[in-house]
There are 2 protein chains.
Amino acid sequence: MSKHLKKEFVTKTKQPSFSNRGMSFEDYINQSNEYYLSKEMAIVHKKPTPVQIVHVNYPKRSAAVITEAYFREASTTDYNGLYKGHYIDFEAKETKNKTSFPLHNFHDHQIKHMKQCLNQQGVVFVLIWFSTLQRCFFLPAKHVIEYWESKENKRKSIPLKVIEKVGYELELGIAPIIPYLTVIDHYILKGDSVYEK
Amino acid sequence: MSKHLKKEFVTKTKQPSFSNRGMSFEDYINQSNEYYLSKEMAIVHKKPTPVQIVHVNYPKRSAAVITEAYFREASTTDYNGLYKGHYIDFEAKETKNKTSFPLHNFHDHQIKHMKQCLNQQGVVFVLIWFSTLQRCFFLPAKHVIEYWESKENKRKSIPLKVIEKVGYELELGIAPIIPYLTVIDHYILKGDSVYEK
């Protein structure tokens with residue numbers, strides 16, 4: 001257990017052996033979204049992978065087959081939805097690093113999208129999984145944007161020490177595995193600075 | 001010009017010859033979303049087409065090619081986003097019918113999704129284009145749900161006369177072509193019953 005763990009946001013269940021189940025971080029987020037949806041707590045779906053379709057075959061008596069297509073770069077984050085009337089928008093990222101979270105997996109327009117959503121009072125954040133450390137964080141988007149735009153931060157990464165300070169560590173549970181709504185409740189109910197840029 | 005046109009929601013520009021431009025209703029909505037985004041008024045994106053990817057080739061020195069994939073049924077509506085802190089969610093549908101809007105293009109889970117979003121205080125609606133009549137309507141989702149669930153309405157369609165009464169007709173403009181935010185303003189500012197089920 002981390003000494004940085006914020007008890008307030010922690011579920012009581014024992015941390016599952018995340019890496020031993022053959023599931024990815026994304027699978028765990030999807031499971032959490034399904035749980036929240038089934039309990040009518042929030043409506044969050046992962047957006048489909050953007051694909052440029054070039055050729056489709058329409059065989060008789062069977063389903064259309066896409067025979068040529070290419071991956072396109074996502075123009076937004078992967079997840080968005082609705083919680084207690086609030087628009088929520090987030091990205092999920094995984095790293096093997098032990099001391100910092102590298103930003104190279106973000107694209108310019110994803111950062112732009114997060115800024116746009118903050119400007120329109122969305123609840124915007126990143127869920128980060130440090131796979132080697134087996135630690136999960138909820139990081140408000142404003143910190144990602146700040147580091148992305150910093151000219152001094154040539155490495156384009158956020159030190160774990162900073163994330164421990166400005167983010168919220170989430171202990172993995174059973175259902176939901178990643179209880180990220182608890183942090184949003186903290187923002188909404190306690191008027192934290194999630195809306196600030 | 002329609003006698004049912006509600007002047008309050010109408011742009012001053014001349015109605016463009018919608019059908020003569022080789023653009024679809026979807027193109028016009030996408031143009032409207034881009035306009036709103038560029039003016040920092042709202043953030044709405046069309047979700048990518050859901051595709052089940054079966055086989056991908058990774059040729060050397062060029063982009064990955066998807067060589068086998070299938071269309072999946074969408075589990076949500078096509079559009080969602082954020083406007084003035086409000087979550088908005090909608091579907092766009094076109095019909096050649098002249099007297100009613102058929103509901104056969106909706107799936108059960110799309111209707112379920114709209115209900116879920118209404119329960120969480122989302123602003124949920126359908127944009128309908130009567131292509132033969134060249135008329136566009138903003139219809140709050142509660143009416144679609146009501147007709148979908150009605151046991152008396154065996155045809156599963158909503159009469160145009162009802163849509164004229166409970167929906168809002170939008171005159172097409174230049175930019176945005178489909179000025180749907182004006183109707184949302186009406187709801188938000190005037191406390192109309194968009195949140196009611």
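The values are calculated or read from the model by the stated rules, or taken from the named source; none is laboratory data. Nothing here was measured: the structure is a model prediction, and the numbers come from that model. A quick note on method: Cβ atoms are made from the backbone with ideal geometry, for glycine too, and the neighbour counts reach across all protein chains shown. Areas reflect the complete protein model, heavy atoms only, side chains present, ligands, DNA and RNA absent. Shrake-Rupley method; radii C 1.70, N 1.55, O 1.52, S 1.80 Å.
Quick notes on this one:
- When B:Tyr168, B:Tyr147 are checked against the criterion of being under 23 Å from B:Lys46 (Cα atoms) and not aliphatic (A, V, I, L, M), B:Tyr168 stands alone in meeting it.
- Considering only residues in region A:81-100 that are acidic (Asp, Glu) and more than 10 Å from chain B (Cβ to nearest Cβ), the one that is nearest to A:Gln134 (Cα to Cα) turns out to be A:Glu94.
- Restricting region A:144-177 to residues that are of a type in the set (Val, Ile, Thr) and either in contact with a strand residue (DSSP E or B) (Cβ under 8 Å, 6 or more places away or on another chain) or not in a helix (DSSP H, G or I) (or both) leaves a set whose member that is modelled with the lowest pLDDT is A:Ile174.
- Criterion violated by B:Asp78 - all others in (1) open to solvent by 20 Å² or more (accessible area, probe 1.4 Å); (2) within 10 Å of chain A (Cβ to nearest Cβ) satisfied: (2)
- Residue among B:Leu103, B:Leu118 that is open to solvent by less than 50 Å² (accessible area, probe 1.4 Å) and within 11 Å of chain A (Cβ to nearest Cβ): B:Leu118
- Only listed residue being without any contact (Cβ under 8 Å) to a residue 40 or more places away in the chain, more than 14 Å from chain B (Cβ to nearest Cβ) and among the aliphatic types (A, V, I, L, M), chosen from A:Val126, A:Val144: A:Val126
- Residue check for B:Lys84: open to solvent by 60 Å² or more (accessible area, probe 1.4 Å) and under 22 Å from B:Ile158 (Cβ atoms): no
- Residue in region B:40-52 that is nearest to A:Thr76 (Cα to Cα), counting only those that are more than 7 Å from every other protein chain (Cβ to nearest Cβ) and open to solvent by 50 Å² or more (accessible area, probe 1.4 Å): B:Lys46
- Meets criteria (within 17 Å of the chain's Cα centre (by Cα) and surrounded by 14 or more Cβ atoms within 10 Å (Cβ to Cβ)) for B:Leu139: yes
- Tally of residues being facing chain B (nearest Cβ under 7 Å), open to solvent by 60 Å² or more (accessible area, probe 1.4 Å) and closer than 19 Å to B:Glu73 by Cα across region A:57-70: 1
- Of everything in region A:101-143 that is among the aliphatic types (A, V, I, L, M) and assigned to a strand (DSSP E or B), the residue that is farthest from B:Val44 (Cα to Cα) is A:Ile128.
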